[in-house]
Amino acid sequence: MSRILKKKEFGIFLVILVLSSILTMINRVFIRPDNLIDVAKGNVVPGIMALGMLPVLISGGIDLSVSSTIALSSVIAGKIMVNYGGNLFVVLLVSLGVGAAVGALNGIIIAKLKIPPIVATLGTMSIILGFVMKYTNGDWITNLPEWFKSFGVIKVAGLPIQVLILVLAGAVTWFALNYTLTGRGIYAVGGSPSSALRVGYNVDRIQVFIYTFCGAMAGLAGVIHTSIVQQVDPNTFNGMELKVIISVVIGGASTMGGIGTVLGTFLGVALMAILNNGLVLAKVPTFWQKIVMGLIIVFAVSFDVINRKREKAKLERVDVEE
Amino acid sequence: MKLLQKLRSKHSNELILLVILVGVVLLMGILSPGKFYTKNNLLTMAAQMPEFGLIALGMMVAILTGGINLSITNVATLSGIAAAFTLLSDFTQNYPGPGIVLAVVSSLIVAILTGLFNGVFVAYVGVAAMLVTLGSMTLFEGIGLNLTKGGSIAGFPPSFMKLGNGNLLGIPVPLLIYLAAIIVSYFMLERSNWGVKVYMTGCNEVATRFSGINTRRTLLKVYVFSSVMASLGGLVMISRYNSAKVDYGSSYMMQSVAAVVLGGTSINGGHGTVLGTVIAVAIIQVTSTGLNLYGAERYDIDIITGCILVGVLTIRFMNAKRQSAKLLKGGGAAQRANV
């Protein structure tokens with residue numbers, strides 16, 4: 001029990017609990033199952049992208065290009081569906097493939113050319129977004145085939161299919177991070193790249209893998225997004241990378257690398273989702289929502305740092321006493 | 001000759017950038033002959049560059065310390081909005097002269113407050129700069145939205161427009177502001193006590209603190225400086241557009257990071273020059289204006305800017321590798337120590 005209490009995820013969970021209770025008191029609609037399912041469905045896309053971003057942040061990197069990647073893969077998958085038909089398998093394959101290819105490119109630039117991740121992905125972000133906008137002119141892709149539209153509204157045991165895919169993606173990420181050699185290598189690289197190199201990890205290969213995974217997740221998120229909104233709007237993803245990063249960080253991952261869990265990431269995404277939904281339900285005026293959001297982000301990240309400092313100080317004191 | 005050698009050894013990066021700038025200027029002249037080298041176009045570029053350049057200078061200081069300021073464009077617009085409210089007040093309607101001075105002062109006060117907000121959380125609480133400014137970006141945007149209700153504020157006194165559109169001795173006023181900011185930045189960063197501390201903090205904060213320097217106060221000032229530069233950019237912007245709005249200049253945020261890195265500032269902090277940033281800003285401005293004249297779309301410009309960024313960094317990496325290989329030749333011990 002005390003082990004659970006000490007965990008970082010527990011703190012976020014507590015915040016979610018308190019916030020949910022307050023919101024329920026303000027507006028009963030919040031706790032209704034259909035509202036909760038709607039919130040979950042609406043946040044599958046940032047959730048999947050956050051799962052891709054998690055290993056990147058654990059490794060001490062960052063990927064700003066995810067919003068361009070999701071736009072690119074949605075547009076390509078959308079065009080293929082409209083022009084050639086195909087089936088769900090093809091769409092998923094193309095989307096994941098495009099995402100993985102972009103991610104691999106990022107990974108190679110970062111690992112082999114040693115360009116810092118934030119700069120490399122900033123560059124690819126503007127290159128890819130430029131191509132997407134040039135190709136589509138910012139136009140929407142509508143009239144998607146019926147089979148795809150009907151895929152989007154499938155429900156299993158009352159839950160939308162998208163939510164199940166998110167859970168599945170989470171399980172895969174969790175397994176990969178905790179029970180594979182590459183997954184442990186990601187934590188090692190994030191802790192200290194030179195130590196990881198010395199114990200025999202192929203740091204370059206791990207880095208390429210991380211960014212490929214992140215890109216593939218963005219590709220998957222593209223299919224899911226299209227299946228929810230039933231059209232492709234290349235402009236809708238602007239600025240999404242920052243939202244995804246902040247969710248993962250609120251979920252306890254450190255931008256310095258080495259720390260982060262799938263459970264925490266889910267809680268971080270949930271916190272942001274509840275905030276977004278709750279501020280609307282609590283009838284907070286639109287103009288105030290961003291202020292509340294900004295303050296909560298700043299205080300959430302500060303709280304974490306202060307907590308960690310206190311823990312460290314306690315540890316040091318114990319050291320001295322012994 | 002000796003001067004050239006000194007230049008090559010100490011400022012090789014700026015020299016490369018200068019060569020690229022000259023190349024880009026020549027190329028753009030060839031691409032759209034008769035259109036690029038006109039007085040009108042050059043004046044337009046000179047009027048457009050300052051707002052971007054000022055924001056880039058503000059971004060540069062933050063990056064020099066190993067941080068980043070993602071809230072920079074929102075600081076620019078928020079302080080612009082503060083100035084706009086002062087400009088529209090009854091006082092300014094009655095006394096335009098003092099009113100404009102008051103507007104500038106109010107925008108600076110807002111900038112200092114935002115800088116203190118960012119700085120306190122980065123320096124004293126110790127949160128990563130990226131996360132603090134990610135939050136404050138949303139916060140400042142929210143405050144701006146709240147004040148303007150999402151619309152734009154317009155109708156400034158005509159004399160205020162001179163700040164963004166006027167000429168002094170044939171030189172656009174924004175360019176003069178930019179030049180003054182460049183000189184001030186140069187002296188503060190590369191010729192002052194505080195500047196040395198900024199670079200040291202960027203190189204190794206712990207070592208700097210242990211050598212008796214108050215890194216917290218240094219960092220706090222860095223974010224105030226960053227905000228003040230942004231507010232100057234904001235003032236030029238609202239004067240040029242004759243209105244203030246929350247989302248003005250939002251594309252400058254990522255662009256300014258690109259310009260700073262292109263200018264040779266290390267994203268991990270500790271290295272970089274004001275001159276490098278200024279030349280990189282000019283390269284990006286000339287490229288986008290030139291391609292615009294040539295008839296390229298905005299998206300082509302995005303693609304090309306991205307390619308320049310990745311390309312220059314690749315060249316820089318290759319150069320560094322070659323140099324370290326040269327140093328290590330025959331020095332097996334050094335190589336082992338490096339791995």
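Given R₀ = 30 Å, what would the calculated FRET efficiency be for A:Val284 paired with B:Ile109, taking r from the Cβ atoms and rounding to 0.05?
0.60
The simple spin-label model puts a point 7 Å past each Cα toward its Cβ; for B:Leu168 and B:Gln323 those points are separated by 3.8 nm.
Evaluated with a Cβ-only charge set (Lys, Arg +1; Asp, Glu -1), the protein assembly as shown carries a dipole of roughly 1480 debye about its Cα centre, given to the nearest 20.
Our summary gives chain A a relative contact order of 34 percent, counting only alpha carbon pairs under 8 angstrom and 6 or more residues apart. In degrees between 0 and 90, to the nearest 10, how far off the longest principal axis of chain B does helix B:173-190 point, with axes built from Cα atoms? Result, in degrees: 40. Model label sites at A:Trp147 and A:Val18, defined 7 Å from Cα along the beta-carbon direction, differ in position by 5.1 nm.
From least to most packed, judged by other beta carbons within 10 angstrom and beginning with the fewest, B:Glu141, A:Glu311, B:Glu297 follow the order A:Glu311, B:Glu297, B:Glu141. For the residues of A:131-141, the average number of beta carbons from a partner chain within 10 Å of their own beta carbon is 2.
To test your reading of the geometry: what angle, between 0 and 90 degrees and rounded to tens, separates the Cα axis of helix B:72-87 from the longest principal axis of chain B? In chain B, helix B:72-87 runs at an angle near 20 degrees to the longest axis.
For chain A, what log10 I(q)/I(0) values come out of the Debye formula at q = 0.11, 0.12, 0.14 1/Å, with one point per alpha carbon and no solvent? So the normalised log intensities are -0.73, -0.87, -1.15. Sorting the segments B:268-281, A:55-68 by their mean number of nearby beta carbons within 10 angstrom, highest to lowest, gives A:55-68, B:268-281. Both radii are taken from the alpha-carbon atoms of segment B:34-314; with Rh as the Kirkwood radius, Rg/Rh is 0.97.
Amide H contacts of B:Gly269: B:Gly66, each under 5 Å away and 5 or more positions distant or on a separate chain (H built 1.01 Å from N in the peptide plane; Pro and chain starts excluded). Treating each Cα of the protein assembly as shown as an identical point scatterer and summing with the Debye formula, the log10 of I(q)/I(0) at q = 0.09 Å⁻¹ comes to -0.82. When shorter helices are ignored and each DSSP H run of at least 4 residues is given -39500 (n - 2.57), the per-residue value for the protein assembly as shown at 222 nm works out to -25500 deg cm²/dmol. Residue by residue, segment A:87-93 carries 3J(HN,Hα) couplings of 9, 4, 4, 4, 4, 4, 4 Hz when phi is fed to the Karplus relation 6.51 cos²θ - 1.76 cosθ + 1.60 (θ = phi - 60°); x denotes Gly or Pro.
Between helix B:274-294 and chain B, what is the angle of the helix's C-alpha long axis to the longest principal axis, kept within 0 to 90° and rounded to the nearest 10? Once rounded, one gets 70 degrees.
How big is the gap, in Å, between the Cα center of segment A:111-185 and the Cα center of segment B:36-111? Taking the Cα centre of each part, segment A:111-185 and segment B:36-111 sit 38 Å apart.
For the residues of B:125-133, the average number of beta carbons from a partner chain within 10 Å of their own beta carbon is 6. Here the spin labels are modelled as points 7 Å beyond Cα on the Cα-Cβ line, and at A:Thr236 and A:Leu295 they lie 3.2 nm apart.
Note on segment B:136-164 and segment A:18-54: Cα centroid distance 34 Å, given to the nearest whole angstrom.
Mean partner shielding of peptide B:314-321, defined as the number of other chain Cβ atoms within 10 Å of each residue Cβ, is 2. Dipole orientation for the protein assembly as shown: of the candidates B:Leu57, B:Asn165, A:Ile154, B:Leu57 has the Cα lying most toward the positive pole (charges on Cβ; Lys, Arg +1; Asp, Glu -1). Each of the peptides B:93-99, B:143-149, A:169-175 was scored by the mean count of other Cβ atoms within 10 Å over its residues; in descending order, highest first, they stand as B:143-149, A:169-175, B:93-99. Which residues in segment A:239-281 have a backbone N closer than 18 Å to a point placed 7 Å from the Cα of A:Val29 along the Cα-to-Cβ line? Counting only backbone N, you get A:273-281.
Net charge dipole, segment A:2-283: roughly 620 debye, given to the nearest 20, about the Cα centre with Cβ charges of +1 for Lys and Arg and -1 for Asp and Glu.
Pairs of Cα atoms nearer than 8 Å and 6+ residues apart set the relative contact order; for segment B:34-314 it is 35 percent.
I'd like the distance between the alpha-carbon centres of segment B:240-282 and segment A:252-310, rounded to an integer number of Å. After rounding, the separation between the Cα centres reads 28 Å. Pairs spanning more than 21 Å between alpha-carbon atoms, out of A:Lys155/A:Lys243; A:Lys134/B:Lys245; A:Lys243/A:Lys290; B:Lys39/B:Lys162; A:Lys112/B:Lys321; A:Lys114/A:Lys134: A:Lys155/A:Lys243; A:Lys134/B:Lys245; A:Lys114/A:Lys134.
Here the Karplus relation 6.51 cos²θ - 1.76 cosθ + 1.60, evaluated at θ = phi - 60°, turns the backbone of segment A:303-316 into coupling constants of 3, 4, 5, 4, 4, 5, 4, 5, 4, 5, 4, 5, 4, 5 Hz, with x for every Gly and Pro.
For trypsin sites (Lys or Arg not before Pro), the sites in segment A:255-322 that DSSP calls loop and that have at most 16 other Cβ atoms within 10 Å are A:Lys283. Answer with one residue from B:Trp194, B:Ala128, B:Thr148: the one whose Cα lies farthest towards the positive end of the charge dipole of chain B, charges on Cβ with Lys, Arg +1 and Asp, Glu -1. Final value for the positive-end residue is B:Trp194. In order along segment B:192-201, the phi-based Karplus estimate (6.51 cos²θ - 1.76 cosθ + 1.60, θ = phi - 60°) of 3J(HN,Hα) comes to 10, 4, 4, x, 4, 4, 4, 5, 5, 4 Hz; Gly and Pro are listed as x.
Each reported figure results from applying straightforward, stated rules to the coordinates on display, with no laboratory input. It should be emphasised that the depicted structure is a prediction, and the values quoted were computed from it without experimental measurement. As a convention, Cβ positions derive from the backbone with ideal geometry for all residues, glycine included, and neighbour counts pool all protein chains shown.
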